[in-house]
């Protein structure tokens with residue numbers, strides 16, 4: 001895939017490619033778009049939770065919410 005990146009994005013892409021993490025620009029872009037989609041999903045979830053809270057729904061207990069985030073991101077509990 002060939003795409004004429006603007007100079008600032010081209011530098012970003014070259015830096016990431018130089019790190020060796022990505023085998024191709026396509027792989028890097030796939031990862032970037034996946035991260036963007038996940039961020040948008042997270043933002044939507046936060047907005048929905050705020051709207052529910054403003055409507056009087058107390059939501060879930062904080063410790064349960066923290067545990068959900070830990071599981072989602074593979075974060076181990078401190079011993």
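The values are calculated or read from the model by the stated rules, or taken from the named source; none is laboratory data. Nothing here was measured: the structure is a model prediction, and the numbers come from that model. Ideal geometry is used to build each Cβ from the backbone, glycine not excepted, and the neighbour counts take in all protein chains shown.
Can you tell me which residue is farthest from residue 69 (Cα to Cα) among those in the range 1-51 that are touching a residue at least 24 places away in the same chain (Cβ under 8 Å) and surrounded by 12 or more Cβ atoms within 10 Å (Cβ to Cβ)?
Checking each candidate, the answer is 25.
For the chain, give me every one of the helices (runs of 4 or more DSSP H) that falls completely inside it and has 2 or more residues that are modelled with pLDDT of 95 or more and under 21 Å from the mean Cα position of the chain (by Cα).
By residue number, 25-54.
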